[in-house]
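The values are calculated or read from the model by the stated rules, or taken from the named source; none is laboratory data. Treat the numbers as computed from the prediction; the structure is a model and nothing was measured. Ideal geometry is used to build each Cβ from the backbone, glycine not excepted, and the neighbour counts take in all protein chains shown. Calculation scope for accessible area: heavy atoms of the full protein, side chains included, ligands and nucleic acids excluded. Shrake-Rupley method; radii C 1.70, N 1.55, O 1.52, S 1.80 Å.
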Amino acid sequence: MTRETIFTNARLADGSHVDLVVTEGSFTAIVPAGSATALGQAVDLDKALIVPGFVEGHIHLDTSFYGDAWIPHKPCTNGFDVHERAAFQAENMARSAPMAVRARNQLDLCIANGSTQMRSHVMVDGSVGLKSLETILAVREEYRDLIDIQLVAFPQSGILKSPGTPELLDEAIKLGADLVGGLDPASFDRDASAHLDVVFGVAEKHGVDIDIHLHDAGTLGLFTIEEICRRTKALGMAGHVAISHAYGLGDLAPDQARKAAELIAKSGVAIMTNAPGNHNFPPVALLRNAGVTVFSGSDNIRDSWWPYGDGDMLGRAMMIGYRSGFYTDDELEAAFDTVTYSGARALRLEGYGIAVGAKADFVTLQAVHVPEAVVAVPKPRKVFKGGRLVAENAAVIRQ
């Protein structure tokens, strides 16, 4: 029997009032309110604003302590240092709850806030081998009906400095990771060319995408971005490579930043930013105007890097808008786009959005339109995955 649900009395982002027909998990009709013929279950959305499920584009399911005992933050001894932060992380994880428990806590938080798509980086290197990935793969399977998850094999301890990591990244893709990652090729491993040889080599061998952490500031960060763009273009990987954080883009003079934006756009590399509070971050408007896909994610949630994070991508859109000086409706909609359509484009999601033929993954918001939603970050919300209610009143619903 065909499964059909009619969602009545919904408001779209353009202000129109519609009924949405969902058949077998996808939108099959969007018609003026009151005109849909009820062939199945009818659900009245009571004039709520309907938006696509949020795209959590960068998170770490294996290292969050959300829902676990509070772990006080330990500052670095001499300014921000990736090596030292990674060492603190290892100490904290050794005394935390089991990884699967913490990952489930974090997933429930994100789903309840409206995320229906996610990309999580998972440690794969000589320090942990494939154990973390095996754990998160099992959790992903548990949640397959609630959220779609891409996993990045992430070399937190470096590639060249961590013996056996190149081989582990190769094995991680065979095991089920969807992408290969990297970490500060120039400053961490001290050899950008050799580091990227491994990352792009694994990607080319297995036909997978790339998402590289890049924290390096200023011209060092720009140098690495230029090298990633060059390789992306040479290998015909436009649309298949992302750089996460790219703090250095926020340090550049205006003319230099514009040239960098043009280069990134031409190469088809996407940029992820979470607009962190204590770092310069990429100029979102400048990049978007140049044609760069800019998307977002929570990054760390209550882990060894910082104690913040609530898993709410609508709140993240507000933060991006706030820190970027976005005030007009168009600018607020651009901030919203980083956690929805641009996120879907960066993750190469098929069937995303509120449209006939798209997957019926959506969130109801008590707001008149998207700009109001970005500044108000309204709750409570209802979250639907394939037309099925999966979260309400900040709690996941399992059926």
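Which of the residues spanning the stretch 60-100 are within 21 Å of the chain's Cα centre (by Cα) and at pLDDT 85 or above? Answer for the stretch 60-100, where residues must be within 21 Å of the chain's Cα centre (by Cα) and at pLDDT 85 or above: His60, Leu61, Asp62, Thr63, Ser64, Phe65, Tyr66, Gly67, Met99, Ala100.
Of everything in the stretch 223-255, what is outside any loop (DSSP other than H, G, I, E, B), buried (at least 16 other Cβ atoms within 10 Å of the Cβ) and hydrophobic (A, V, I, L, M, F, W, C)? Give them in sequence order. Across the stretch 223-255, the qualifying residues are Ile225, Ile228, Cys229, Val241, Ala242, Ile243, Leu249. Taking every residue in the stretch 110-131 that is more than 17 Å from Pro380 (Cβ to Cβ) and open to solvent by 10 Å² or more (accessible area, probe 1.4 Å) and pairing it with any residue that is in a loop (DSSP other than H, G, I, E, B) and among the basic types (Lys, Arg), at least 6 positions away or on another chain, the pairs with Cβ-Cβ distances below 9 Å are Gly126/Lys161. Criterion first (in a helix (DSSP H, G or I) and not charged (D, E, K, R)) does His195 satisfy it? Yes, satisfied. Determine whether the stretch 367-376 contains at least one residue that is touching a residue at least 40 places away in the same chain (Cβ under 8 Å), open to solvent by less than 40 Å² (accessible area, probe 1.4 Å) and closer than 27 Å to Glu24 by Cβ. No; the residues of the stretch 367-376 include none that is touching a residue at least 40 places away in the same chain (Cβ under 8 Å), open to solvent by less than 40 Å² (accessible area, probe 1.4 Å) and closer than 27 Å to Glu24 by Cβ.
Restricting the stretch 95-109 to residues that are without any contact (Cβ under 8 Å) to a residue 40 or more places away in the chain and small (Gly, Ala, Ser), the residue that is nearest to Leu133 (Cα to Cα) is Ala100.
Results for (1) surrounded by fewer than 18 Cβ atoms within 10 Å (Cβ to Cβ); (2) at pLDDT 95 or above; (3) within 19 Å of the chain's Cα centre (by Cα), shown as yes or no for each residue.
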position	(1), (2), (3)
Ser157	no, no, no
Lys161	yes, no, no
Ile173	no, yes, no
Gly181	no, yes, yes
Ala186	no, yes, no
Asp197	yes, yes, no
Gly201	yes, yes, no
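If you check Ala391, Ala373, Ala395, which single one turns out to be closer than 23 Å to Tyr327 by Cβ and of a type in the set (Gly, Ala, Ser)? On inspection, the qualifying residue turns out to be Ala373. Taking the stretch 30-91 as the region of interest, the strands (runs of 3 or more DSSP E) fully inside it that hold 3 or more residues being open to solvent by 40 Å² or more (accessible area, probe 1.4 Å) are 41-44.
I need the full set of residues from the stretch 200-222 which are outside any loop (DSSP other than H, G, I, E, B) and within 21 Å of Gly79 (Cβ to Cβ), in order please. Lay out the reasoning, then the answer.
Initial filter on the stretch 200-222 (outside any loop (DSSP other than H, G, I, E, B)): 200-206, 209-214, 218-222.
Passing the criteria: His213, Leu214, Gly218, Thr219, Leu220, Gly221, Leu222.
Being open to solvent by 40 Å² or more (accessible area, probe 1.4 Å), within 22 Å of Leu349 (Cβ to Cβ), free of Cβ contacts under 8 Å to residues at least 40 places away in the same chain and part of a helix (DSSP H, G or I) is the requirement here; does Glu167 meet it? Criteria not met by Glu167.
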